[in-house]
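Below: the structure, in C-alpha cells.
Laboratory data are not the source of any read-out in this text; all were calculated from the coordinates shown. Being a predicted model, the structure only gives us computed values, none of them experimental. Methodologically, a virtual Cβ is constructed for each residue, glycine included, from the backbone with ideal geometry; neighbour enumeration extends over all protein chains shown.
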Amino acid sequence: MGEVVKLSGEGEEFYLFFRQRCLALQSRFSELANLKSSPRVFLHGNPHVDNFAKTLHGEAMIDFDRSRVGPYCWDIVRLLCSVS
C-alpha cells in the first residue's frame with residue numbers, strides 16, 4: 001500500500017470533526033427519509049475514502065468489519081460525508 005499523505009494542518013481533530021459530523025448527518029437523514037421503504041442490501045457499513053484501495057488490478061473496497069444488511073442509502077450518506 002502507498003503512504004498516506006496528510007495535507008498541511010491536518011491532524012486528529014480534522015478527522016474527528018468529520019466523524020462527529022457524519023453521525024449528525026445520518027441522524028438528520030433518518031428523520032427526512034423513509035428508511036422502511038428503502039431497499040435493504042448488504043452494506044459495507046463504513047465506506048469512507050480511506051477504505052478504498054487501488055492496486056495494479058483495479059480498485060476495491062476494504063475493511064468490512066462493520067458490514068450488515070440495511071437500507072442502501074446509509075452507505076451513500078457515509079461515503080458522501082467522507083468526501084465532503
inquiry  = Given points 7 Å out from each Cα along the Cα-Cβ axis, report the Leu23 to Val83 separation in nanometres with one decimal.
reply    = 2.5
remark   = For Leu43, other-chain or 5+-apart residues with amide H closer than 5 Å (H placed, Pro excluded) are Arg68, Val69, Gly70
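If we count every other residue with Cβ under 10 angstrom of Leu43's Cβ, Lys/Arg +1 and Asp/Glu -1, where does the sum land?
On the way: positive: Arg40, Arg66, Arg68, Arg78; negative: Asp75.
For residues surrounding Leu43, the net value is +3.
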